[in-house]
Amino acid sequence: MDPPMDFQVVVLAGGTSDKLSPLVSKELPKALLPVANKPLLSYALELLEATNLKNIIVVVEGDEAATQVESWLSVAYMDRLNVEVVKTPGDVGTVGAIRAVAPFLISTDILIVSGDLVSDISPGAIAATHRRHGAAVTALFCPAPVSGGADSSTSGGKDKAKKPSRCNIVGLDPTRQFLLHVVSGAKVEKDIHIQKRIVRAVGQMEIRSDFMDAHVYAFKRTVLLDVLEKENLYSIKQDVLPYLVRTQLRSEISAKKENSADESSNGATKELPSEDVNINSAVPSNQNLRWLSQHREIAPSSYQEIHISDCDMNKSRPSKKTHKCCIYLSGKTQYCARLNSVQAFGDINRDMLGEASRITGYTFSAQNNVVHPTVVQGAKTTAGGQCIIAEGTILGDKCSVKRSVIGRHCRIGSNVKIVNSIVMNHITIEDNCTIQGSVISSNVQIQERASLKDCQVGAGYVITAGSEYKSEPLTKS
Amino acid sequence: MDLRRPNRPVIGPKVRQVGFVTPDSAAATSSSSIPAVSAAAATSAGSPPSSLSPVMIPPPRHPSTEMSNPHFHPVGSYNPSEQILGSPPALSPSRSSRFDADGSDFGGDDDESVALSGVGGGMTPKSSLLMRQPVTKTAPLVSETHKRDSNVSKGKGDGPSAAPKEKLTKAERRATQEAQRAAKAAAKEAAAAGGAPSVSKQPKPATKPATQQKKDVPSGSGPLQPLAPSGSIEKKQGKKEVAAPHPRMQFDDMTKVGKLKKRAVVNQSEARNRVELFRHLPQYEHGTQLPDLELKFFQLDLIHPSVYQVGLQFLSDKISGGNARCIAMLLAFKEVIQDYTTPPEKTLTRDLGAKVGSCVSFLIECRPLSVSMGNAIRFLKNRISSLPHNLSDKEAKSRLQSDIDRFINEKIIIASKAIVEHGVSKIRDGDVLLTYGSPSVVESIFAYAHGIKKNFRVVVVDSRPKHEGQGLLRRLVERGIHCTYTHLNAVSYVMHEVTRVFLGASSVLSNGTVYSRVGTACVAMVAHAFRVPVLVCCEAYKFHERVQLDSICSNELGDPDAISKVSGRKNLNYLDGWAQNENIQLLNLKYDATPSDYVSVLVTEQGMLPPTSVPVIIREYGIERLWT
């Protein structure tokens, strides 16, 4: 079956990210990490499904993770989506992941979605923008979240060697359609070096640092495959995108492509009808300037070529060597976050309970919470607002649950307070515990009178009775 | 020949244009009225050669032609009408007669109009060969449209239409053939209509609403619709593809709009405060369409990706300009054809035609078609339907694709090359050339003239809100051409030094009216007043048989926000939130109609012609030849 609108979708589901330890382990790959009691990957897949993209390639790092993801997918989406799981060896980076699926890619454009995306921004809009501009690459940027923005905006699930401190620096043209400059978090230095040529071509550039790269890209396949041939690229975000942006005026990739049949792939010049004489990003290097200047983007370039060769007989036809890098900026009302750190995990879970609850697909009750009908609640137990309690969970007497997510089949004793926390599946919490702001992975046992504050507890850990922990990651060693 | 024309003030056409359109609804059943008028005229005056159809063409326009238009008027094309209107007193009655003819339910006045036009016909017994061709041509066409109309609403008597045709046949040997055909058609239709030969005032007021409903099509282009065979052809197509909103749909008809919306792919909400006079044109809330369409990107399986892409680009104004849009559309169709496979139990000619039709309707939703695109679509559909049935899919597809290539190549690229050569011959050393907007052909002319070392200067006149001239200016300056840039407001000042005006056109209609970027008419009129020759450069594929007197009946409305916001002047925000204020109506027209009087010469690939010769081109080189 032909891909719809000539777009193929690749979801990079990652493997077992170190950044998310201790939450993620070999038993629980990142893709299956429950966010509001649904595996993380399901958010991306459902977003795609909602846009009518049913044929999806999922790339998973590591064998075990791949097996687990595959078995989950076959159960959850068997009849709805046509998902193909491709596994790659660990630690190959996003570029490696794309290399692994390259043989499967046949359509004109490829949509690459990070598996840790939780968003309600339609991928269709990005794809359409990409098409409209005939761009080589279109990236989705969204306003960086305010809370802990710095942390979650730098990232790249698998890129370890980076300091989680700075934001991206993004240069935009005045119409905010073209990406003129991009430096991703880790590579930001004291000075920003901006190519004069690009600025000259555009007239003015807007530099922003409050956008984050949502890791959703639409690539022209030919461009993407050309880039993949290059060595020493590791991450799409940190290497490929900056490379494409940097070289948009002296493109080596699209130069090769000009002669191929792909008509619209070349970055013909275009002109924005804005106030100052405004060549956009795709304006050429000097030797091309003359050629490009003659014609505005008059429709597809094949026309221009013919037209030029006809009308300007006295001019040799210079080759065009530009491509366009476009940007799709999401609106303020749309939700977009990437789960690439422990803090982001907590933030996203809270958002799912609060402002972005529409994404989860749960219907919240009058008390603004979701309590599965099979949940057994003891006497005087209260489940406050913004809570999700999944099926099979048993709560003892006098418990209090606020702004928390509790997974399946947990057994919670009496007089337990759970505030602002995420409790995954099959967890036993004995009486008189207090859990605040923590993340408890599956199969954890918390014995009596334990007190946890801002902790992350790895799977299978046992917290002994009466112990108190504060701001610690706890893993089974 | 110009001596025949009386000297009249230039203001004429403007006033009249507005006047003409106001009885908008009355225009509805115009087609039926023509035969009536012509029949009556024929009987009253009995002068066949003058064939009253010219009355329908552009009567009000020509009187205003000054003799200061000495350039290329080899033939006084529409002599009869000029004669009618030659003397000032005749003017106003004739206008009223037009209304009557249009409305044709103002029954009582019909006689008067008939008499007038009859007199006009009688006064001009001579008409040159060149002239007559279009005239005789139009007559059969009338009958054809008429026939179709009668098929739609059979209630109308069509008898009279046959009569004038027979008179016509006597007129010209050349025309006999056509007339025979017409007579045949008329006979057929008379048979179809139950041979009800009725009086000239056929449509009774009572039946009017019904007929109007049925034929909202002709009412769109106002009084002159019936002369245009295009109307009928498009109408035929409209029947085929139900999905396509008719190019000239009346958007003030709520039921129609409702129906259209149900089918629409693009979710459009109608703008609320629209200018009264332009209610019949589609105007949507800009800014909502694009995101909405983008959201649905993957949901529209039926639309081919390349068509979708082109539609998006039209919607976002990324591709604009007649040639560019036409080429983009054709290339997209080429890909559609490439990817097309005939479904089982269907024939390629029919199914592909329908498919193209649905693509076209999508494009219309994105932005109304230009005349050039309309012609290209007609070409393509004609090619599709005329494919031999025994061709294999592959052959048929490759044949269609090469047809498209041929169209682009011959009609657009080589044509513009030829225009460049013709146009350059009119540039002399020391000229100061003025252009308006950013017409691509004119740009090529300038570039070529500069290339062959002509020494000239260019004045680029621009206007808000698109500022297209700036792009042109930049490219010209980069070439080393000496330029002056000014806005439309200053055109009367700058016109003093100008020696030639080069303009582009979106379309040239068969009465010589140039339909082009809004503001063109203004430039042409100022140039005319300053006795500066106006050269309109237009490829012949943009010619259209339609006749249009004003820019109201058929036009396009742009984004009103584009004119309410002043870029770079944030403090000029008086119009913010205008949509909430019922007392404000913004009008951002995209096109206007320049009367042929203001055009000295049309530069086409067929050579340089007076605007009055457009029908000849259409007839001799244009549409008919293309389709076969």
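Just a few scattered comments:
- With respect to being aromatic (Phe, Trp, Tyr) and assigned to a helix (DSSP H, G or I), B:PHE446 fits the description.
- Of the numbered criteria (1) in a loop (DSSP other than H, G, I, E, B); (2) within 14 Å of chain A (Cβ to nearest Cβ), the one B:LEU387 fails is (2).
- Residue check: B:PHE446 meets all listed conditions (1) surrounded by fewer than 24 Cβ atoms within 10 Å (Cβ to Cβ); (2) of a type in the set (A, V, I, L, M, F, W, C); (3) within 12 Å of chain A (Cβ to nearest Cβ) but one, namely (1).
- Checking each residue in the stretch A:6-44 for being part of a helix (DSSP H, G or I) and away from every other protein chain (no Cβ under 14 Å) picks out A:ASP18, A:LYS19, A:LEU20, A:LYS30, A:ALA31, A:LEU32, A:LEU40, A:LEU41, A:SER42, A:TYR43, A:ALA44.
- Matching residues in the stretch A:14-33 - criterion: being touching a strand residue (DSSP E or B) at 6+ places or on another chain (Cβ under 8 Å) and not basic (Lys, Arg): A:GLY14, A:GLY15, A:THR16, A:SER21, A:PRO22, A:LEU23, A:PRO29, A:ALA31, A:LEU32, A:LEU33
- Some residue of the stretch A:351-365 being surrounded by fewer than 17 Cβ atoms within 10 Å (Cβ to Cβ) and either within 30 Å of A:ALA201 (Cα to Cα) or modelled with pLDDT of 85 or more (or both): no
- Meets criteria (within 14 Å of another protein chain (Cβ to nearest Cβ) and over 30 Å from B:ASP559 (Cβ atoms)) for B:ILE412: no
- Residues that are closer than 30 Å to B:ARG378 by Cα and part of a loop (DSSP other than H, G, I, E, B), drawn from the stretch B:554-571: B:SER554, B:ASN555, B:GLU556, B:GLY558, B:ASP559
- Among the residues making up the stretch B:513-527, those that are surrounded by fewer than 24 Cβ atoms within 10 Å (Cβ to Cβ) and part of a helix (DSSP H, G or I) are B:CYS522, B:MET525, B:VAL526.
- Looking only at the stretch A:101-133, and only at residues there that are among the acidic types (Asp, Glu) and not in a strand (DSSP E or B), the one that is farthest from the other protein chains (Cβ to nearest Cβ): A:ASP116
- Flag for A:PHE345 being without any contact (Cβ under 8 Å) to a residue 24 or more places away in the chain and touching a helix residue (DSSP H, G or I) at 6+ places or on another chain (Cβ under 8 Å): no
- Selection of the stretch A:460-477 for residues being in a loop (DSSP other than H, G, I, E, B) and either buried (at least 22 other Cβ atoms within 10 Å of the Cβ) or charged (D, E, K, R) (or both) yields A:GLU472, A:LYS476.
- Subset of the stretch B:533-553 that is touching a His at 6+ places or on another chain (Cβ under 9 Å) and assigned to a loop (DSSP other than H, G, I, E, B) - its residue that is nearest to B:PRO610 (Cα to Cα): B:PRO533
- Residues that are of a type in the set (S, T, N, Q) and surrounded by 24 or more Cβ atoms within 10 Å (Cβ to Cβ), drawn from the stretch B:310-338: B:GLN313, B:ASN323
Rundown of residues vs (1) of a type outside the set (Asp, Glu); (2) in contact with a His (Cβ under 9 Å, 6 or more places away or on another chain); (3) at positive phi; (4) surrounded by 16 or more Cβ atoms within 10 Å (Cβ to Cβ), yes/no style:
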position	(1), (2), (3), (4)
A:ASN55	yes, no, no, yes
A:VAL60	yes, no, no, yes
A:MET78	yes, no, no, no
A:GLU84	no, no, no, no
A:VAL92	yes, no, no, yes
A:VAL95	yes, no, no, yes
A:ARG99	yes, no, no, yes
A:PRO103	yes, no, no, no
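- Test: residue in the stretch B:329-339 that is within 28 Å of the chain's Cα centre (by Cα) and farther than 26 Å from B:SER385 by Cβ: no
- Considering residues of the stretch B:529-563 that are charged (D, E, K, R) and within 13 Å of the chain's Cα centre (by Cα) only, the residue nearest to B:GLY423 (Cα to Cα): B:LYS542
- Cβ-Cβ contacts under 9 Å between residues 6 or more apart (or on different chains), taken from a first residue in the stretch B:568-583 that is surrounded by 10 or more Cβ atoms within 10 Å (Cβ to Cβ) to a second residue that is assigned to a helix (DSSP H, G or I) and of a type in the set (Val, Ile, Thr), are listed as B:LEU575/B:ILE563.
- Tally of residues being without any contact (Cβ under 8 Å) to a residue 60 or more places away in the chain and farther than 17 Å from B:HIS496 by Cα across the stretch B:432-461: 12
- Long-range neighbours under 8 Å by Cβ, at least six apart or interchain, first residue within 8 Å of chain A (Cβ to nearest Cβ) and within 19 Å of B:GLY469 (Cα to Cα) within the stretch B:308-320, second of a type in the set (A, V, I, L, M) and part of a loop (DSSP other than H, G, I, E, B): B:ILE319/A:ILE298; B:ILE319/A:ALA299
- Restricting the stretch B:419-443 to residues that are assigned to a loop (DSSP other than H, G, I, E, B) and surrounded by 24 or more Cβ atoms within 10 Å (Cβ to Cβ), the residue that is nearest to the other protein chains (Cβ to nearest Cβ) is B:SER438.
- Failed condition for A:LEU452, given (1) in contact with a Cys (Cβ under 9 Å, 6 or more places away or on another chain); (2) aliphatic (A, V, I, L, M); (3) over 22 Å from A:GLN343 (Cβ atoms): (3)
- Residue within the stretch B:339-346 that is surrounded by fewer than 22 Cβ atoms within 10 Å (Cβ to Cβ), more than 9 Å from every other protein chain (Cβ to nearest Cβ), at pLDDT 85 or above and closer than 23 Å to B:ARG406 by Cβ present: yes
The values are calculated or read from the model by the stated rules, or taken from the named source; none is laboratory data. Here the structure is a predicted model, which means the values were calculated and not measured. Quick reminder, even Gly has a Cβ in these numbers, built from the backbone with ideal geometry, and neighbours come from all protein chains shown.
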